[in-house]
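Notes follow the structure.
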Amino acid sequence: EGAEDKADAGEADVAALALEKRDIVIGIAASGRTPYVVGALRHANGVGCHTVAIACNRGSVIGGEAELAIEPVTGPEVLTGSTRLKAGTAQKLVLNMISTGAMVAAGKVYQNLMVDVRQSNEKLRVRAQNIVMMATECTREQAAEALAACDNHVKGAITMLLLGCDATAAEDALEKAHGHVRAAVEAHAEA
């Protein structure tokens, strides 16, 4: 808690990350004026990173430091001083939207399915099969076979089944499409 009053601590923590211009730094403060967050955003701006501020007051200090200010005004808390209630919930919703958009842009989604499942246990192996089945309308056996052929790579299995090709061709199609299943399938349809 004591660190939040120190702009230089925010700057030092962000500096330790060795940011590059292609990075995005998101500063979060319910009040919108926390010095630690201000310092972090200032350092990120100095590096040339894109910056976003999420605060629950319009015209916030951190919003003034960032390229983009997202400021959902939630009004007074039900319990005064307990920003984890309305403000914290609003900020979590904004972060969920940002992370979901990032997942879509990064090609980790096909249709409405998360397709980069790492299968570290039985539950996740079943989930991967279910995702392949939903994306391709295949049977569980076909999904399991395609996953096995693609070294348990869900995107590869989906692409293989949708294109009717082998695992190597599916991985090649995905590589050309920068990991986006939809783009791989559309490119194949156009060819």
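The values are calculated or read from the model by the stated rules, or taken from the named source; none is laboratory data. Since this is a predicted model, take the numbers as computed values, not measurements. Positions of Cβ are generated from backbone atoms using ideal geometry, with glycine treated the same way; all protein chains shown enter the neighbour counts. Each accessible area value is taken on the protein alone, full model and side chains, heavy atoms only, with ligands, DNA and RNA left out. Shrake-Rupley method; radii C 1.70, N 1.55, O 1.52, S 1.80 Å.
Once the Cβ-Cβ distance of Lys92 and Asp23 is raised to the sixth power relative to R0 = 22 Å, the FRET efficiency obtained is 0.50. Only one residue of Ala143, Ala16, Ile26 has its Cα farthest out toward the positive end of the dipole of segment 1-145, where Lys and Arg carry +1 and Asp and Glu -1 on Cβ, and that residue is Ala143.
Each Lys and Arg Cβ is given +1 and each Asp and Glu Cβ -1; about its Cα centre, the chain then shows a dipole of about 520 debye. Could you tell me which of rounded, prolate or oblate describes segment 25-82, using a ≥ b ≥ c as the square roots of the eigenvalues of the alpha-carbon gyration tensor, with rounded for a/c under 1.5 and, failing that, prolate when a/b is larger than b/c and oblate otherwise? Prolate. Carbon-plus-sulfur accessible fraction, segment 56-164 (probe radius 1.4 Å, protein heavy atoms only): 55%. Simple rule: put +1 on each Lys or Arg Cβ and -1 on each Asp or Glu Cβ in the chain, find the dipole, and look at Leu113, Leu93, Val185; the Cα lying farthest toward the positive end is Leu93.
Descending by average beta-carbon neighbour count within 10 Å, the peptides 24-35, 107-118, 148-159 line up as 148-159, 24-35, 107-118, the highest first. Per residue, the average separation of C-alpha pairs within less than 8 Å and at least 6 apart gives segment 51-135 a relative contact order of 17 percent.
What whole-number distance in Å separates the alpha-carbon centres of segment 150-176 and segment 116-148? Answer, in whole Å: 13. Among 91-98, 45-52, the peptide with the highest mean count of other Cβ atoms within 10 Å heads the list, and the full ranking is 45-52, 91-98.
Taking Leu147, Leu163, Leu79 in turn, the Gaussian network model of the chain (Cα-Cα springs below 10 Å) assigns the largest fluctuation to Leu79.
Here each label is just a point 7 Å from Cα along the line to Cβ, and for Glu137 and Met114 those points are 2.7 nm apart.
How much accessible area per residue does the chain have, counting only protein heavy atoms and a probe of 1.4 Å, in square angstrom?
On the way: 11290 Å² over 191 residues.
Result: 59 Å² per residue.
Between Glu77 and Asn121, the simple spin-label model (points 7 angstrom out along Cα→Cβ) gives 3.3 nm.
Calculate for the chain the 222 nm mean residue ellipticity that helices alone would give, adding -39,500 (n - 2.57) per DSSP H run of length 4 or more and normalising by residue count, nearest 500 deg cm²/dmol.
Working: 9 runs with 102 residues, N = 191.
Calculated mean residue ellipticity at 222 nm is -16500 deg cm²/dmol.
Residues of segment 162-177 with amide nitrogen under 13 Å from the 7 Å Cα-to-Cβ point of Ala189? Those under the cut-off are 162-163. Taking a straight line from the alpha carbon of Lys6, these aspartates and glutamates sit under 19 Å away, with near neighbours fewer than eight places off in the same chain left out: Glu65.
How large is the dipole of segment 1-113 about the Cα centre if only Lys and Arg carry +1 and Asp and Glu carry -1, each at its Cβ, rounded to the nearest 20 debye? Charge dipole of segment 1-113: 400 debye, to the nearest 20. According to the square roots a ≥ b ≥ c of the eigenvalues of the Cα gyration tensor, what is the shape class of segment 36-191, taking rounded for a/c under 1.5, prolate for a/b larger than b/c otherwise, and oblate for the remainder? Here segment 36-191 falls in the prolate category.
Between Arg58 and Thr168, the modelled label-to-label distance comes to 6.2 nm, taking each label 7 Å out from Cα in the direction of the beta carbon.
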